[in-house]
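The next block holds one structure in the form of structure tokens; read it before the comments.
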Amino acid sequence: MERIDIHPTHKHGDFKLRVGRPMPFGASLVPGGVNFSVFSSYATSCTLVLFKRHAKEPMAEIPFPDEFRIGNVFTMTVFEIDYENIEYGYRMDGPFNPDAGHRFDKNKILLDPYAKIIGGRDVWGVTPDWNDIYQHRSRISFDDFDWENDRPLGIPPEDQVIYEMHVRSFTRHPSSGVKHPGTFAGIREKISYFKELGVNAIELMPIYEFDEFEHSRPSPITGELLVNYWGYSTVGFFAPKAGYAATGKLGMQVDEVKALVKELHKNGLEVILDVVFNHTAEGDQRGPTISFRGLDNKTYYMLTPEGYYFNFSGCGNTLNCNNPIVRNIVLDCLRYWASEYHIDGFRFDLAAILGRDALGYPLSNPPLLETLAFDPILAKCKLIAEAWDAGGLYQVGSFPAYGRWAEWNGKYRDNIRKFLKGDATVGDAAQCFQGSPNLYAHQGRGPATSINFITAHDGFTLADLVSYNDKHNEANGENNNDGGNDNDSWNCGAEGWTDDSGINALRSRQMRNAIAMLMVSQGVPMLLMGDEVGRSQNGNNNTYCHDNELNWLNWDLLKTNASLFRFVKNSIAFRNAHPVLRNKYHFQNRDYVGSGYADITWHGTQAWNADWSPSSRTIAFMLCGKHAKAGSVEDNYIYVAINMHWEAHWFEIPGLPEQLRWHVSVNTGCTSPDDIWEPGTEAKLENQHGILLGDRSIVILVGK
Amino acid sequence: MDIAISKTAEITVVKLEGDIDASSALGVQEKVLTLVEQGSKILLDLTLVPYMSSAGLRMLLSLYRHVSAKEGKLVLVGVAEEIKDTMEVTGFLSFFTTCDTLDSGIVALNSA
């Protein structure tokens, strides 16, 4: 039987129309046509604007009749349109009265905030036609991908090893050897690399549609175009970045991303998206009107009483996240990515903003964060907060978590960096090794709350962390004023590149020390793309604007720095081989399984006697294998001795139960290949009672 | 869009000529679906198809699902390099057996 709603009731020129359905928002395929639905609290009227793909001028402008408006929603079904080849947008009429928060302008054609595909920047780096009246164009997606039996993997958070990466940087360099450099497809060609390295989750820096030409300008130094390379500036929250897709020119980026996710899942890799809900690409009152500003400025943005934009993001505007309407669009967006793209988790950029009210005050019980934490569709997704913002709200350890939210642990980064360069911060480092119970345990939040990282896209790479005391951001064209100054880095004796073999040997050791500490810490380790092969950004700690070798991963480093790669790979393998490093619950500092050893015990140059004094730079700990995963699985005993002093020290080793012997897994004081053994191949330690740790060295033993 | 159909003993060969996009995909699908029976072996000759849009690739996958539901087989022959690449990148290719020539396509359909 035929439904009667497949029949048009209205006409506009040749277009056949009928009142649409308000839900879902956006453009959806319905029998015989397309249902358009868009809302505005303050608009007086709305017009649907249709373009043939890439056309300069619209093919039609269809005003929404009054009877097509339900509440504040304009909704209409348009029949018999070639939905594969049209682009659509809206004109909204309403008051232009910035003092009252309204900035309607019916001369502007607006992007649908729910657009699933966005045209206009189809191929990365192709200079836009700045005279185009509609720069970022909504398109209609099929959303009918054949997932077969795929679903998100549900890897327990504590078992994750995350690899933070940039889509374009990963394979753009000619040395990548992929067929489609710099794209989602390129990542798919490199899946075997992740598997070899041993990570089980990739975290993609923003892939929502953004405009690489936003604030683009020639470099004052090289003349090369500086662009919005990282993409922390969203144009549309529902659409993948077309320019990251080999098929962007065909408008098939949706399928390309899904095919990538499906293939990653098949290979045991989860996908986490870095999402930017704190601001949009529209900037402040001087910025372009792309979508939100023209649709409902007062709803979408945090505005000062005078109608200007609050700037808690440091990027010109702040999304009004705890407004009920904006909350819903964020929820709709994440639900869409979780269900339609099978995304495993989300990392929220400057997430502290998501806990502020319309005037910017921090809320004690932020509705948005609570909603996301309890949402049934997002129930199995990892939710990770960058728990601070550019407005000074720092919530590491206090982010409203509802038992769900993990945090980028900025304190882990700072403490480990300090300890690594020789600051006597043994106590702080010891907290880090345990999954930061000082921050989380009293709230009942487990070790996996802590995303442990020493380096991330913001800041120095690992190679630069041990090669530079200060940032060198001149290439960004901001007089070296951008980027953080609190790097806690140490150049090991010379600033930047050197041919001094002693310094280079120390740097090489320091990188291994950092990786070793990261991989034996409870919590979730996150590795920055390229750190496994010593990728340098020449001391630039804020490479947001460079589409060049400063950001691109040079795959030749795999050969040049093969021994470092081997070390990182085996360190990850070591972590993956030992559940005692991946506990779900915090240590209890007691023996609750009857092994004769507490779950964790502390040592130093003397066994059973850790030096917690303010000048101490040595620490050791032993993990009892019988307490692995709260005693639910059996593992080896593990002993980690860390000497961050500039002198060598003899460490007395705690004794093992009878029949067990210590074997050497890691000694960063040795040169490759004696710096690390593949798990299972460790050699028995000759002297079971003690070992000499060279200056700034780490030894890891396995008791088996 | 031209569609030529020829039948041998067990195999139906559908030769398509022209671009397949939203405007032509439905016509192709309707035509081919009339040929799908229980256990059908269908060879789609795409040698003269220079371009397939997203809608065209969806039509192919939909045909595959129809044919599979009736325990039949579908083989694609002569897929242009660029189309094949797009299919690979977007995940469509993994569903299909593709062959370079008509003869090898027939061999593939006749194999178990």
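The values are calculated or read from the model by the stated rules, or taken from the named source; none is laboratory data. Because the structure is a prediction, the values reported are computed rather than measured. Ideal geometry is used to build each Cβ from the backbone, glycine not excepted, and the neighbour counts take in all protein chains shown.
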Next item on the list: Of the conditions (1) assigned to a loop (DSSP other than H, G, I, E, B); (2) away from chain B (no Cβ under 13 Å); (3) out of contact with any Pro (no Cβ under 8 Å at 6 or more places or on another chain), A:ALA246 clears all except one; give me its number.
Entry: (2)
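Rundown of residues vs (1) surrounded by fewer than 24 Cβ atoms within 10 Å (Cβ to Cβ); (2) under 30 Å from A:HIS215 (Cα atoms); (3) hydroxyl-bearing (Ser, Thr, Tyr), yes/no style:
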{"position": "A:ARG509", "(1), (2), (3)": "yes, no, no"}
{"position": "A:ARG512", "(1), (2), (3)": "no, no, no"}
{"position": "A:MET519", "(1), (2), (3)": "no, no, no"}
{"position": "A:GLU549", "(1), (2), (3)": "yes, yes, no"}
{"position": "A:ASN554", "(1), (2), (3)": "yes, yes, no"}
{"position": "A:LEU558", "(1), (2), (3)": "yes, no, no"}
{"position": "A:SER563", "(1), (2), (3)": "yes, no, yes"}
{"position": "A:PHE574", "(1), (2), (3)": "no, no, no"}
Notebook entry, point to check: Which residues, taken from segment A:177-228, are of a type in the set (Ser, Thr, Tyr), in a loop (DSSP other than H, G, I, E, B) and either under 19 Å from the mean Cα position of the chain (by Cα) or closer than 21 Å to A:GLY530 by Cβ (or both)?
Noted result: A:THR183
Next item on the list: Could you look through segment B:43-70, keep only residues that are part of a strand (DSSP E or B) and buried (at least 20 other Cβ atoms within 10 Å of the Cβ), and pick out the one that is nearest to the other protein chains (Cβ to nearest Cβ)?
Entry: B:MET52
Checklist line | Candidate set: segment B:71-87, residues that are surrounded by fewer than 18 Cβ atoms within 10 Å (Cβ to Cβ) and more than 13 Å from the chain's Cα centre (by Cα); chosen: the one farthest from the other protein chains (Cβ to nearest Cβ) | finding: B:GLU71
Checklist line | Count of segment B:16-33 residues which are more than 14 Å from B:ILE5 (Cβ to Cβ), more than 14 Å from every other protein chain (Cβ to nearest Cβ) and among the aliphatic types (A, V, I, L, M) | finding: 0
Next item on the list: Sort out for me the strands (runs of 3 or more DSSP E) sitting completely within segment A:11-105 that have 2 or more residues that are touching a His at 6+ places or on another chain (Cβ under 7 Å).
Entry: A:15-19
Item checked: Output for segment A:390-426, where each listed residue is within 25 Å of A:SER616 (Cβ to Cβ), touching a residue at least 24 places away in the same chain (Cβ under 8 Å) and among the hydroxyl-bearing types (Ser, Thr, Tyr) -> A:TYR412
Next item on the list: Determine which member of the set A:TYR90, A:TYR83 is within 34 Å of the chain's Cα centre (by Cα), at pLDDT below 95 and of a type in the set (Ser, Thr, Tyr).
Entry: A:TYR83
Notebook entry, point to check: Pick from A:GLU209, A:GLU224, A:GLU196, A:GLU256: which is buried (at least 23 other Cβ atoms within 10 Å of the Cβ) and more than 14 Å from chain B (Cβ to nearest Cβ)?
Noted result: A:GLU209
Margin query: Can you go through A:GLY186, A:GLY182, A:GLY248 and tell me which one is in contact with a His (Cβ under 6 Å, 6 or more places away or on another chain) and either over 19 Å from A:ILE140 (Cα atoms) or in contact (Cβ under 8 Å) with a residue 12 or more places away in the chain (or both)?
Written below: A:GLY186
Note to self: Take residues that are of a type in the set (Ser, Thr, Tyr) and tell me which of the helices (runs of 4 or more DSSP H) falling wholly in segment A:366-455 contain 1 or more.
What the structure shows: A:367-374, A:410-420, A:437-440
